[in-house]
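After the structure tokens below, expect a handful of questions from me.
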Amino acid sequence: MSAKVAFIGLGVMGFPMAGHLKAKGYDVIVFNRTAAKAQEWAGKHGGKSAPTPAAAAKDADFVMTMVGNDNDVLEVVGGKEGVLSGIKKGAILVDHTTASADVARKVHAMAKEKGVHFIDAPVSGGQAGAENGKLTVMCGGDPEAFARAKPVMDSYGRAVTLLGPAGAGQLTKMVNQICIAGLVQGLSEGIAFAEKAGLDAELVLDVISKGAAQSWQMENRGKTMHARKFDFGFAVDWMRKDLGICIAEATRNGAKLPVTQTVLGYYNEVSKAGGSRWDTSSLITRL
Ligand code: NAP
């Protein structure tokens, strides 16, 4: 019999991720706060939906959550009708939300008290990665629980890796976001410079993406940045949340993040100017 998997949070990322689990043959039940989306998912994929996170988790071997921020995780996991009030002993809870390492450690401890294993497992690869089932999944937790959950996560992940104990997945995602922030600003400056210089920006991107300046951002976002198209992808306000988490963690561990701090200020400006749901490549609008 196939394992039972509950999936909580059917947003831009969760909706397709839960779909991949169903396609792989898992017995999937979903919960979404806005019930219409859960019904839409069940209609599309032929799975079941539950009225609360606790009800979804009740018989599940694995419970995956993909919500917004720290508070949302604490609410769907530890709230009155949260996952931990319904989940069975020995089950594995996996949180894919990008949240703080503190919350990961806290939920790990809350789960342990109930005899439940917890893995923090934020993802990278964006909406396209979720839809194509090619996410990078960065995990923190106990090796034995990870070994059991990895085949489930492989349904939508192409690189699913354990990086250390509880919180290590979130810390790795912070490194990922720190690496992206300065890069997107650099790419914005390069494209804006090419435009001012009267060059054919598309041709420039085609050429330099075959050299040392190449990056995922250049290949996937360069041309849309030049066309000023931002109505897709990873929202500016999610990046503001993520960079805020990075800066709070750096304040604790002593790391210096001057560029990340500056770029966060730029994202605050983009958000204020009406771009809170635009893709993060919208940094170029400031130039
Ligand atoms: P989204 O489209 O806004 O979806 C968020 C989902 O979480 C929705 O289903 C929402 O329910 C649910 N939710 C939020 N707060 C909740 C709460 N307190 N209780 C119950 N449900 C709640 O966001 P997303 O783009 O899928 O992103 C989800 C997470 O993945 C975020 O942490 C984000 O930083 C991270 N991430 C996103 C991307 C990306 O490209 N989008 C890439 C990597 C990582 P409703 O439908 O009721 O609002």
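Give all pairs with beta carbons closer than 7 Å in which a residue from the range 64-83 that is in the same structural domain as residue 118 (by TED's automatic domain parsing) and among the small types (Gly, Ala, Ser) meets a residue that is near the ligand (Cβ under 7 Å from one of its atoms) and assigned to a loop (DSSP other than H, G, I, E, B); count only pairs at least 6 apart in sequence or on separate chains.
Short answer, once both residue conditions are applied: 68/97.
Of the residues that sit in the range 81-133 and are within 19 Å of residue 237 (Cβ to Cβ) and hydrophobic (A, V, I, L, M, F, W, C), which one is farthest from the ligand (Cβ to nearest atom)?
103
Could you look through the range 156-169, keep only residues that are in a loop (DSSP other than H, G, I, E, B) and surrounded by fewer than 21 Cβ atoms within 10 Å (Cβ to Cβ), and pick out the one that is nearest to the chain's Cα centre (by Cα)? First the steps, then the outcome.
Looking only at the range 156-169, we keep the residues that are in a loop (DSSP other than H, G, I, E, B), and these are 156, 163-167.
After this cut, where a residue has to be surrounded by fewer than 21 Cβ atoms within 10 Å (Cβ to Cβ) as well, the list is 163-165.
Values: 163: 16, 164: 18, 165: 19 Å.
Ranking the candidates gives 163 first.
Could you please find all residues in the range 57-78 being out of contact with any Ser or Thr (no Cβ under 8 Å at 6 or more places or on another chain) and within 16 Å of the ligand (Cβ to nearest atom)? Don't jump to the end; show me each part of the working.
The initial filter retains those residues of the range 57-78 that are out of contact with any Ser or Thr (no Cβ under 8 Å at 6 or more places or on another chain), namely 57-64, 71, 74-75, 78.
Answer for the range 57-78, where residues must be out of contact with any Ser or Thr (no Cβ under 8 Å at 6 or more places or on another chain) and within 16 Å of the ligand (Cβ to nearest atom): 57, 63, 64, 71, 74, 75, 78.
Which residues, taken from the range 215-237, are assigned to a helix (DSSP H, G or I) and open to solvent by less than 30 Å² (accessible area, probe 1.4 Å)? Show your work before the answer.
Residues of the range 215-237 that are assigned to a helix (DSSP H, G or I), as a first pass: 216-226, 236-237.
Listed by number, the residues that qualify are 217, 218, 222, 225, 236.
Among the residues of the range 115-147 satisfying the criterion of being of a type outside the set (Gly, Ala, Ser) and part of a loop (DSSP other than H, G, I, E, B), which is surrounded by the most Cβ atoms within 10 Å (Cβ to Cβ)? Quick ask: steps written out before the conclusion?
Let us first name the residues in the range 115-147 that are of a type outside the set (Gly, Ala, Ser), namely 116-120, 122-123, 127, 131-132, 134-139, 142-144, 146.
Narrowing the set further to residues that are part of a loop (DSSP other than H, G, I, E, B) leaves 116, 122, 134, 142.
On the way: 116: 23, 122: 26, 134: 14, 142: 17.
Among residues in the range 115-147 that are of a type outside the set (Gly, Ala, Ser) and part of a loop (DSSP other than H, G, I, E, B), the one surrounded by the most Cβ atoms within 10 Å (Cβ to Cβ) is 122.
What single numbered condition from (1) in a loop (DSSP other than H, G, I, E, B); (2) not assigned by TED's automatic domain parsing to the domain that holds residue 281 fails to hold for residue 151?
Result: residue 151 fails condition (1) only.
Still on this structure, I have one more. Can you tell me which residue is nearest to residue 131 (Cα to Cα) among those in the range 16-49 that are part of a helix (DSSP H, G or I) and of a type in the set (A, V, I, L, M)?
Per the criteria, the residue is 17.
What's the number of the condition residue 207 fails, among (1) aliphatic (A, V, I, L, M); (2) open to solvent by 50 Å² or more (accessible area, probe 1.4 Å); (3) in contact with a helix residue (DSSP H, G or I) (Cβ under 9 Å, 6 or more places away or on another chain); (4) in a helix (DSSP H, G or I)?
(3)
Show the residue pairs that are 6+ apart or on different chains and have beta-carbon atoms under 9 Å apart, the first residue being within the range 238-254 and assigned to a helix (DSSP H, G or I), the second being open to solvent by 40 Å² or more (accessible area, probe 1.4 Å) and among the basic types (Lys, Arg).
250/256
The values are calculated or read from the model by the stated rules, or taken from the named source; none is laboratory data. Predicted, not measured: the structure shown is a model, and the values here were computed from it. Note that each Cβ is placed from the backbone with ideal geometry, even for glycine, and that neighbours are counted across all protein chains shown. Just the protein is used for accessible areas: all its heavy atoms, side chains included, with ligands, DNA and RNA removed. Shrake-Rupley method; radii C 1.70, N 1.55, O 1.52, S 1.80 Å.
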